[in-house]
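Okay, so here's the structure we're looking at.
The values are calculated or read from the model by the stated rules, or taken from the named source; none is laboratory data. Just so you know, these numbers come straight off a predicted model, no measurement behind them. Note: ideal-geometry Cβ built from the backbone for every residue, glycine included; neighbour counts use all protein chains shown. Quick note on the areas: whole protein, heavy atoms, side chains included, nothing else; ligands and nucleic acids left out. Shrake-Rupley method; radii C 1.70, N 1.55, O 1.52, S 1.80 Å.
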Amino acid sequence: MESEHSPGLLAPFRRPGFPALWLSSVLSLTAFWMTEVAGAWQMRLMTDADPFMVAAVLSFLQFPVFLLVIPAGVIADLADRRKLMLYGHVWVCLIMLGLTLLTSAGAMTPAWLLIGLGLVAVGQALRMPSIGTLIPDLVATGEIPAAVSLN
């Protein structure tokens with residue numbers, strides 16, 4: 001049951017910038033998950049379903065995030081968060097363009113795929129803390145727990 005002081009779980013959506021941040025986060029994570037699936041599928045096709053290589057795709061996508069998310073949080077505190085998110089998006093777009101060109105040219109190899117996906121994960125890791133630190137700027141103090149839960 002909600003108390004008098006609890007603004008409710010959906011209260012952050014009434015703030016001007018939060019719906020856009022939430023939607024961009026949902027779309028970004030969906031694209032990252034799609035990248036995981038497409039990368040694993042591509043690796044499956046290139047290696048005759050070698051389980052080690054298919055699992056390596058997920059490792060190359062998750063390990064850089066694990067390693068870099070805390071240092072990226074420090075960078076987000078010291079730098080302009082909007083620019084950091086923009087640079088992260090540009091980085092990911094350029095790497096994905098490179099992977100697309102390699103695939104289109106028939107030059108994609110398992111090694112290039114793993115390197116490219118690891119570089120995509122670096123861009124994702126650099127963006128993640130910046131998005132989280134924008135939440136207090138967009139919602140009232142009492143709405144922060146709900147906004148964090150939604151995000």
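Per-residue counts of other Cβ atoms within 10 Å, averaged by peptide: what ranking do you get for 73-83, 38-48, highest first?
Final packing ranking: 38-48, 73-83.
Which one of 22, 90, 112 is farthest out on the positive end of the charge dipole of the stretch 12-151, using unit charges on Cβ (Lys, Arg +1; Asp, Glu -1) and the Cα centre as origin?
The residue sitting most towards the positive pole is 22.
Can you give the Kirkwood hydrodynamic radius of the stretch 17-78 from its Cα pairs, in Å with one decimal?
13.5 Å
Counting only protein heavy atoms and a 1.4 Å probe, tell me what percentage of the chain's accessible area is made up of carbon and sulfur.
72 percent
With every protein chain left in place, what is the accessible area per residue of the stretch 85-151 in square angstrom, probe 1.4 Å?
49 Å²
Note down the relative contact order for the stretch 83-151 as a percent, whole number, built from C-alpha pairs under 8 angstrom at least six residues apart.
39 percent
Identify which of the listed values of Cα Rg over 2.2 N^0.38 Å was calculated from the structure shown: [x] 1.23; [y] 1.33; [z] 1.04.
Matching entry in [x] 1.23; [y] 1.33; [z] 1.04: [x].
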